[in-house]
Amino acid sequence: MQSKITNRSLIGLLIFLITSCGPYQKALKSEDTKLKYDLAEKYYDEGDYRRAKGLFEQLKPLYRGKPQSERITYFYANCLLHTRSYITAAYEFESFTKAFPRSDKLEEAYYMIAYAYAEISPIYSLDQKDTEEALTKLQEYINRYPDSERMVEVNSIVEELLRKLERKSFENAKQFFTIRDYKAAIKAIDNFIGDFPGTPFREEAMFIQFRAASILAINSVFVKKEERLESAVSYFDDFVRAYPESEFLDESISIMNDIEKEITTFAAN
């Protein structure tokens, strides 16, 4: 066992010594800017963005104000994007657009800003601030370059992000029902359907809204009961008219029967 550990340690040390003496490490430690520049471009062309990033990061301040600065700044930002440092990549591309407003890479830089934010966007159950920011950046790109060849791709990303916001909004509305805040659930579903009229969740949302209105009506105090019962009937009518063959139809009819009994009882009092 001791022999195996020793062998592994020696192999690890050997790998470290080889890599630490390699061209990348030498370039990082070197003061020869041309060596750094040439090797950075070589790594970039080969798709070795991690090593290229390390060298371009060193080169950026050294070439500030010089003709090569635009190229280095763009390559560095692109390396960040390829190594999934999306927040920093977005920042660097934004800096690029401000520093080089006449660059022939300007359109691509604006696209990369939006793309980076889209990659940061989390799953629907988390805070969607970055998703909203990505949509803002994508809209800015669309406004700037309405005839872009990337428009199909851009629209696809927009649709994906909107679906995420749509799901988030729907789940939030459902959550109000789950915690028995029925008035909030009814209002949240109104907002949800208003914001996403073509949503595939519309059928379920309208059913939940009817259920919320029904529970609210049946358990209502006397002075508010008549109005709430009428409201529940209205939600039922809207739902059945929109989805006459809904998978929730049988349950809806059963709930409606309870509503009608409540209406009869209320009228008798």
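Annotations for the structure displayed:
- Scanning the range 155-178 for residues that are of a type in the set (A, V, I, L, M, F, W, C) and either under 10 Å from the mean Cα position of the chain (by Cα) or more than 23 Å from MET206 (Cβ to Cβ) (or both) yields ILE157, VAL158, LEU161, LEU162, LEU165.
Residues are listed down the side, and each one gets a yes or a no for (1) closer than 19 Å to LEU135 by Cα; (2) surrounded by 15 or more Cβ atoms within 10 Å (Cβ to Cβ):
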| residue | (1), (2) |
| --- | --- |
| GLU160 | yes, no |
| ARG167 | yes, yes |
| GLU171 | no, no |
| TYR182 | no, yes |
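- Flag if ASP250 is in a helix (DSSP H, G or I) and closer than 30 Å to ARG163 by Cβ: yes
- Residue satisfying condition, being of a type outside the set (Phe, Trp, Tyr), over 25 Å from the mean Cα position of the chain (by Cα) and either closer than 29 Å to GLU133 by Cα or modelled with pLDDT under 95 (or both), within set GLU107, GLU41, GLU92: GLU41
- Residue match in the range 218-231 (condition: touching a helix residue (DSSP H, G or I) at 6+ places or on another chain (Cβ under 7 Å), modelled with pLDDT under 95 and not in a helix (DSSP H, G or I)): yes
- Annotation note: Cβ proximity below 9 Å between a residue of the range 124-139 that is within 13 Å of VAL158 (Cα to Cα) and surrounded by 16 or more Cβ atoms within 10 Å (Cβ to Cβ) and a residue that is aromatic (Phe, Trp, Tyr) and modelled with pLDDT under 95 (sequence gap 6+ or interchain) occurs for THR131/TYR124.
- Residue match in the range 144-154 (condition: over 14 Å from the mean Cα position of the chain (by Cα), surrounded by 16 or more Cβ atoms within 10 Å (Cβ to Cβ) and under 17 Å from PHE93 (Cα atoms)): yes
- For beta carbons closer than 8 Å, sequence separation of 6+ or different chains, a first residue in the range 164-186 that is without any contact (Cβ under 8 Å) to a residue 60 or more places away in the chain and part of a helix (DSSP H, G or I) and a second that is crowded, with 19+ Cβ neighbours inside 10 Å and polar (S, T, N, Q), the qualifying pairs are LYS164/SER121; LYS164/GLN128; LYS164/THR131; LEU165/GLN128; LEU165/THR131; LYS168/GLN128; ALA185/GLN209; ILE186/GLN209.
The values are calculated or read from the model by the stated rules, or taken from the named source; none is laboratory data. Note that the structure is a prediction, hence the values are computed from the model and not measured. Glycine gets a Cβ as well: all are built from the backbone with ideal geometry, and neighbour counts include every protein chain shown.
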